[in-house]
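Student: Sharing a structure, written as structure tokens. Questions coming.
The values are calculated or read from the model by the stated rules, or taken from the named source; none is laboratory data. In this text, all values refer to a predicted model and were calculated from it rather than measured experimentally. Cβ: placed from backbone, ideal geometry, glycine included. Neighbour counts: every protein chain shown. Heavy atoms of the whole protein, side chains included, go into the accessibility calculation; ligands, DNA and RNA do not. Shrake-Rupley method; radii C 1.70, N 1.55, O 1.52, S 1.80 Å.
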Amino acid sequence: MANDYYATLGVRRDASPDEVKKAYRRLARELHPDVNPDPETQERFKEITQAYEVLSDPQKREMYDMGADPFARGGAGAGAGFGGAGFPFSDIMDAFFGTAASRGPRSRARRGRNATLRVELDLAESAFGTTRELSIDTAVACTSCQGEGTAPGTHPDTCDTCHGRGEVQQVQRSFLGQVMTARPCPQCGGFGSVIRTPCPECSGDGRVRTRRTVKVKIPAGVENGIHIQLAGEGEVGPGGGPPGDLFLEIVEKPHPIFEREGDDLHCSVEIPMTAAALGTSVTVETLDGAEEVDIKPGTQSGQVITLYGRGVRHLNESGRGDLNIHVTVETPGRLDEEQEELLRRLAKLRGEERPPGKFAPGQRGVFSRIRDVFNQH
Ligand SMILES: [Zn+2]
Ligand SMILES: [Zn+2]
């Protein structure tokens, strides 16, 4: 924590409210601007007053003990929970010491906006990663004025109204009597300077719109809907401000053969009844090219053959998913005389001329369930 208020007042952390008050009074007598007007002592007086402001208020002291510092510059504690009094304490202090403009003008430079770009990938690209050249409509720094917004050879002029402070002072009545408060200068918008001759290229914005090409590396294993953040590749900010980020939204195109489930792939292969009974080998398309796959004799419809490590590469880790081949057995539809004769003989030999219908448990094939999952999306 930047400010140790206990040390500033010279009290222990468990000091009673009375001890805090006494310590402040003693120091205030010593350091009061009326007694001791040199700047260093004034600064010290401000510090002890800040410390007292926090430690004398049970609620603020409790928040401070938990780690919130209301006076930390730019800290989250500033304002949050402390602004309730309706009159910022620092304004009172500034008014008291006549330093109301101490915060200074604000910068023209602001951070640029983030941008999002959709990137369509096919399955192989998302499985193995790819490099893409993308063109984006974006804002880049104006080369004519280097982001300053002024015409060549000119610079922003100091504002006449606030004399560069970016703020104008106002007298307000408060419970302390009359105090000076500051508000942003209406003439220059708080910048402290005005651009009299804006850059003709960018009209004073400090940036121009253009079409830019970015080369991006898309890692293996990305999937539909994922966002990839490219820091600093968004629009540059106005007034020469830093750029925002570019987000790539991955859109995966459906594949004609494979369905993706996480990093696993599914496809189906149809084989004739005879091949299923006798066994065979089929050529299956994989992401790594065609592959011969053994179909064992007696393979049933709905059986799944898994090719391990033939799926999509895992994102940010080693290894790949699997390829699951769902086998469908085709029953021949039209038989000629000889084929029918043969099948009838086979049926007789197997005692299957009038088979008793067997009921299987009410379970649907894995593949159809997966298909349902996909269709829901
Ligand atoms: Zn310009
Ligand atoms: Zn001004």
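Student: Test Gly240 against the stated conditions and say whether it is modelled with pLDDT under 90, surrounded by 14 or more Cβ atoms within 10 Å (Cβ to Cβ) and in the same structural domain as Gly129 (by the TED database). Reasoning before the result, please.
Tutor: Details: modelled with pLDDT under 90: yes; surrounded by 14 or more Cβ atoms within 10 Å (Cβ to Cβ): yes; in the same structural domain as Gly129 (by the TED database): yes.
Yes.
Student: Also, quick follow-up: In the stretch 209-232, which residue that is out of contact with any Ser or Thr (no Cβ under 8 Å at 6 or more places or on another chain) and more than 25 Å from Ala124 (Cβ to Cβ) is farthest from ligand 1 (Cβ to nearest atom)?
Tutor: Ala231
Student: In this structure, is Ala220 open to solvent by less than 40 Å² (accessible area, probe 1.4 Å), in contact (Cβ under 8 Å) with a residue 24 or more places away in the chain and part of a strand (DSSP E or B)? Break it down stepwise before answering.
Tutor: Working: open to solvent by less than 40 Å² (accessible area, probe 1.4 Å): yes; in contact (Cβ under 8 Å) with a residue 24 or more places away in the chain: yes; part of a strand (DSSP E or B): no.
Taking the combined requirement at face value, the residue does not satisfy it.
Student: In the stretch 128-182, what count of residues is obtained for those that are within 19 Å of Ala109 (Cβ to Cβ), touching a helix residue (DSSP H, G or I) at 6+ places or on another chain (Cβ under 9 Å) and of a type in the set (A, V, I, L, M)?
Tutor: 2
Student: For the stretch 246-309, which fully contained strands (runs of 3 or more DSSP E) count at least 1 residues that are out of contact with any His (no Cβ under 7 Å at 6 or more places or on another chain), open to solvent by 60 Å² or more (accessible area, probe 1.4 Å) and closer than 30 Å to Arg132 by Cα? Give the steps one after another, and end with the answer.
Tutor: On the way: elements: 246-252, 259-261, 264-272, 280-286, 289-295, 304-307.
Hits in the stretch 246-309: 259-261, 280-286, 289-295.
Student: Within the set of pairs 6 or more residues apart or between chains, which connect a residue that is touching a residue at least 60 places away in the same chain (Cβ under 8 Å) inside the stretch 113-131 to a residue that is assigned to a loop (DSSP other than H, G, I, E, B) and open to solvent by 40 Å² or more (accessible area, probe 1.4 Å) with Cβ atoms less than 6 Å apart?
Tutor: Glu120/Lys253; Asp122/Lys253; Leu123/His255; Gly129/Pro219
Student: Here is a follow-up. Identify, please: which residue in the stretch 132-150 is more than 8 Å from ligand 1 (Cβ to nearest atom) and of a type outside the set (Ser, Thr, Tyr) and is, among those, farthest from Gly192 (Cα to Cα)?
Tutor: Arg132
Student: Scan the stretch 282-297 residue by residue and report those that are free of Cβ contacts under 8 Å to residues at least 60 places away in the same chain and farther than 12 Å from Val327 by Cα. If you could, list the steps in order and put the result at the bottom.
Tutor: From the stretch 282-297, those free of Cβ contacts under 8 Å to residues at least 60 places away in the same chain are 282-286, 288-297; that's our starting set.
Those that are free of Cβ contacts under 8 Å to residues at least 60 places away in the same chain and farther than 12 Å from Val327 by Cα: Thr283, Glu285, Thr286, Asp288, Gly289, Ala290, Glu291, Glu292, Pro297.
Student: Looking at the stretch 227-234, can you tell me whether even one residue there is surrounded by 18 or more Cβ atoms within 10 Å (Cβ to Cβ), at pLDDT below 95 and of a type outside the set (S, T, N, Q)? Full working, then the answer.
Tutor: First pass over the stretch 227-234, keeping only residues surrounded by 18 or more Cβ atoms within 10 Å (Cβ to Cβ): 233-234.
Subset that is at pLDDT below 95: 233-234.
Going one step further and asking which of them are of a type outside the set (S, T, N, Q), we end up with 233-234.
Yes; the residues of the stretch 227-234 include at least one that is surrounded by 18 or more Cβ atoms within 10 Å (Cβ to Cβ), at pLDDT below 95 and of a type outside the set (S, T, N, Q).
Yes/no matrix, rows are residues, columns are (1) assigned to a helix (DSSP H, G or I); (2) among the charged types (D, E, K, R); (3) surrounded by fewer than 10 Cβ atoms within 10 Å (Cβ to Cβ); (4) free of Cβ contacts under 8 Å to residues at least 24 places away in the same chain:
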{"residue": "Ser318", "(1), (2), (3), (4)": "no, no, yes, yes"}
{"residue": "His326", "(1), (2), (3), (4)": "no, no, no, no"}
{"residue": "Arg334", "(1), (2), (3), (4)": "no, yes, yes, yes"}
{"residue": "Glu341", "(1), (2), (3), (4)": "yes, yes, no, yes"}
{"residue": "Arg344", "(1), (2), (3), (4)": "yes, yes, no, yes"}
{"residue": "Ala347", "(1), (2), (3), (4)": "yes, no, no, yes"}
{"residue": "Gly351", "(1), (2), (3), (4)": "no, no, yes, yes"}
{"residue": "Arg354", "(1), (2), (3), (4)": "no, yes, yes, yes"}
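Student: Touching a residue at least 40 places away in the same chain (Cβ under 8 Å), outside the structural domain of Thr213 (by the TED database) and within 16 Å of ligand 2 (Cβ to nearest atom): is that true of Gly147 in this structure?
Tutor: no
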